[in-house]
1. What are the residue pairs meeting all of these: first residue in the range B:73-88, first residue more than 8 Å from chain A (Cβ to nearest Cβ), second residue assigned to a helix (DSSP H, G or I), Cβ atoms under 7 Å, and 6 or more apart or on different chains?
2. List the helices (runs of 4 or more DSSP H) that sit entirely inside the range A:47-94 and contain at least 3 residues that are in contact (Cβ under 8 Å) with a residue 60 or more places away in the chain.
3. When you go through B:ASP25, B:ASP30, B:ASP63 one by one, which is the residue that is touching a Pro at 6+ places or on another chain (Cβ under 6 Å), surrounded by fewer than 20 Cβ atoms within 10 Å (Cβ to Cβ) and at the interface with chain A (Cβ under 8 Å from one of its Cβ atoms)?
4. Is the range B:112-125 home to any residue that is at the interface with another protein chain (Cβ under 9 Å from one of its Cβ atoms), in contact (Cβ under 8 Å) with a residue 60 or more places away in the chain and surrounded by 24 or more Cβ atoms within 10 Å (Cβ to Cβ)?
5. Among the numbered conditions (1) surrounded by fewer than 20 Cβ atoms within 10 Å (Cβ to Cβ); (2) in contact with a helix residue (DSSP H, G or I) (Cβ under 8 Å, 6 or more places away or on another chain); (3) closer than 30 Å to B:THR35 by Cβ, tell me where B:LEU158 comes up short.
6. Check A:SER60 against each of (1) in contact with a Phe, Trp or Tyr (Cβ under 8 Å, 6 or more places away or on another chain); (2) farther than 17 Å from A:ARG191 by Cβ and name the one condition it does not meet.
7. Quick one: would you say B:GLU48 is more than 30 Å from B:LEU178 (Cα to Cα), surrounded by fewer than 16 Cβ atoms within 10 Å (Cβ to Cβ) and away from chain A (no Cβ under 11 Å)?
Amino acid sequence: MTDLIDRLAGVTPGSAVDALRRHRPATRDNAQASYDALFTAIDETHASLAERAAVAQFVSILHDDEVAAAHYAALARDAGGDALVDATTDLAASVRTTGPYGAYPAGPLTAEDRDGLRLGVAADDPARTVLGTRLTAALEHAHLLVFRPRESSPGALGALAAAGWSTDGIVTLSQLVSFLAFQLRVAAGLRLLDTEDAA
Amino acid sequence: MTDQTITDQAVDDAVVAHPEASTPDRFTQDELGWTPWLEPADEAGLTERQYEGLVDRARAKSDYFRLLARDPDILRARTLTDKDIFYNAKDGLPRAERELAAAATSRFNGCIFCASVHARFATHHSKRHDDVQRLLDEGTGGEQDAAWRAVIDAAVALAATPPRLERRHLDALREVGLDEQAVSDVIHSAAFFNWANRLMLSLGEPTPPAA
């Protein structure tokens, strides 16, 4: 049976890449179990499915992964509706860039500091009406985690708490964005391996 | 009491800053500590499901893992993914090069804590302390032999957002003798640290080595 990474990477049953994945069953099964723990078998008390799916859609677009973006957009549409998906798409499209960048603690690494976009959705941005306070803060945090993780701070977590995220919810959100950074890269790498397989 | 006061109090209760702490300002192979910015789950109150999330019960002593135990199911799946990618090394990519991919990814993303752990592991398995130290001191572009160059370049290309891994990176891995399973292992080892780096960087900070 195919799993989500197979579908994202275009791995077909019986292909060489399928065999490579099946040679590492614990990795294969637990990558899928990670997805299920975040998106399928979930307790929505601290983070709703609509919030999770919209963040995942946003992160997928920032990674330029159209297949994953379509998958998570479909999930977000089911859980939150068209307006949510459209607002997420529009915001993501306007804040795509290349990373990682950001500042290190002051010292010898300061020479490697690199400036870049810091997402802050304006108070009067109409997207806030659709996304709401919690999800707007989550997308701002997701942008930080995707592009400039080395600039993370207690203040960034404080912004999530102020927007209504519980400590449990912040842990789940952090896992979700970080897991996506893994899942999308495995898919990107296997897609490349699989393309060669077919050539 | 205004709404803003309530909000500020909620933030003060949730987030633990350490303004007095001096955080390491450079990459090192020394043993660093790590301190969380959010309150970990209380060890005395851990449920069986949280212990299952920890996988190894001894991890209940770690602030990092008890913080992640607030969402036990994803912690368990993450931990089992991690263990297989790095420790199931009876074939495919050798342990040293898996750790090298982890260290290079951490160096590129800027995770001083993760880089310290996995640089140490890379040194342990490869016995190439100076090459590992050069990766930390000079960065991912520092001089390395062809095999390590290929692993580091693939890890860096994959760590970029959006990823910029290309066919030539995979060909370079094959040219230094890696089989297809080992190439897949490079992809997984490097990809995993894009997960690990973001948790360690965003939920707390490294602390200096014990004096």
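1. B:ASP82/B:PHE192; B:PHE86/B:ARG98; B:PHE86/B:SER189
2. Filter on the range A:47-94 gives A:49-62, A:66-80.
3. B:ASP25
4. Scanning the range B:112-125 turns up at least one residue that is at the interface with another protein chain (Cβ under 9 Å from one of its Cβ atoms), in contact (Cβ under 8 Å) with a residue 60 or more places away in the chain and surrounded by 24 or more Cβ atoms within 10 Å (Cβ to Cβ).
5. Exception for B:LEU158: condition (1).
6. Just one mismatch for A:SER60, condition (2).
7. Working: more than 30 Å from B:LEU178 (Cα to Cα): yes; surrounded by fewer than 16 Cβ atoms within 10 Å (Cβ to Cβ): yes; away from chain A (no Cβ under 11 Å): yes.
The answer is yes for B:GLU48.
Residues checked against (1) over 22 Å from B:CYS114 (Cβ atoms); (2) among the hydrophobic types (A, V, I, L, M, F, W, C):
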position: A:GLN57; (1), (2): yes, no
position: A:VAL67; (1), (2): yes, yes
position: A:ARG77; (1), (2): yes, no
position: A:ALA92; (1), (2): yes, yes
position: A:ARG96; (1), (2): yes, no
position: A:PRO100; (1), (2): no, no
position: A:ALA142; (1), (2): no, yes
position: A:PHE147; (1), (2): no, yes
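Here, each number is a calculation from the coordinates, and none is a lab measurement. None of the values given here were measured: they were computed from a predicted structure. Every residue, glycine among them, receives a Cβ derived from its backbone with ideal geometry; neighbour counts consider all protein chains shown.
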